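Have a look at the structure below, then the notes.
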Amino acid sequence: MSELLTIGEVSRRSGVASSALRFYEERGLVESERAGSGHRRYRRHVLRRIAFIVFAQHVGLTLDEIGEELEKLPDNRAPSRRDWARLSAGWSAQIDERIAELERLKAGLTECIGCGCLSLDRCRLANPGDRAATLGAGPRYWIGDPRPQELLE
């Protein structure tokens, strides 16, 4: 098994389009070497970096944030299990926040979300007179603002 992979092999193995791999390389997220023909060749450990990029995007990180995280990995060798564990340690809180956000989204599908439409029967109880508008624009209860205390009792 070759240590160096073509862009097509990396694309097939990672599930990421070749164009995205070139983009990631332009952004400094992954590196390739050039064969004598000028074609890109990737070290096998780039597959884990790409998996990390895809995962991090699903968590909601921007490519700039992903780049900052990847800069914490060693340049002179393939990252070890310990390197990856250290990198991912701070992610637990972000994942918990994302789960809470998705739970609010799910709960809000059939409840008043404080958007001001007042179209659901429950809105008259949860947001009388559109009180949520005093908290700012948008679906205030959906994005985590607390409902007025007197409505919770």
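The values are calculated or read from the model by the stated rules, or taken from the named source; none is laboratory data. Everything numeric here is computed off the predicted structure, so don't read it as measured data. Heads up, the Cβs are rebuilt from the backbone with ideal geometry, glycines too, and the neighbour counts pull from every protein chain shown.
Structure notes:
- Residue match in region 2-24 (condition: of a type in the set (D, E, K, R) and touching a Ser or Thr at 6+ places or on another chain (Cβ under 8 Å)): no
- At least 2 residues being more than 30 Å from L21 (Cβ to Cβ) is the threshold, and among the helices (runs of 4 or more DSSP H) wholly inside region 52-153 those reaching it are 91-108, 123-126, 149-152.
- For region 104-137, the set of residues classified as at pLDDT below 80 and of a type in the set (K, R) consists of R104, R122, R124, listed by residue number.
- Residue match in region 92-110 (condition: out of contact with any strand residue (DSSP E or B) (no Cβ under 9 Å at 6 or more places or on another chain) and more than 26 Å from V59 (Cα to Cα)): no
- Test result for D83, free of Cβ contacts under 8 Å to residues at least 24 places away in the same chain and surrounded by 11 or more Cβ atoms within 10 Å (Cβ to Cβ): yes
- The set of residues in region 21-38 being under 24 Å from the mean Cα position of the chain (by Cα) and surrounded by fewer than 16 Cβ atoms within 10 Å (Cβ to Cβ) consists of R22, F23, E26, R27, G28, E31.
- Remark: pairs (first residue in region 130-153, within 20 Å of K106 (Cα to Cα) and of a type in the set (K, R); second residue assigned to a loop (DSSP other than H, G, I, E, B) and at pLDDT below 85; Cβ separation under 7 Å; 6+ apart in sequence or on different chains) = R140/G114; R147/Y141.
- Restricting A132, A137 to those that are surrounded by fewer than 11 Cβ atoms within 10 Å (Cβ to Cβ), small (G, A, S) and not assigned by TED's automatic domain parsing to the domain that holds G60 reduces the list to A137.
- Only one of R48, R41 that is surrounded by 13 or more Cβ atoms within 10 Å (Cβ to Cβ), over 22 Å from G90 (Cα atoms) and at pLDDT 85 or above: R41
- Any chance S19 is over 26 Å from A100 (Cβ atoms) and not in a helix (DSSP H, G or I): no
- Qualifying residue in region 27-47 (condition: out of contact with any Pro (no Cβ under 7 Å at 6 or more places or on another chain), of a type outside the set (A, V, I, L, M, F, W, C) and in a helix (DSSP H, G or I)): no
- Of all residues in region 59-80, exactly one satisfies the criterion of being farther than 20 Å from E25 by Cα and without any contact (Cβ under 8 Å) to a residue 24 or more places away in the chain, namely S80.
- Pairing residues of region 17-40 that are closer than 18 Å to L4 by Cβ with residues that are of a type in the set (G, A, S), at Cβ distances under 7 Å and at least 6 apart in sequence or on separate chains, gives S18/G8; S18/S11; L21/S11; E25/S32; R40/S32.
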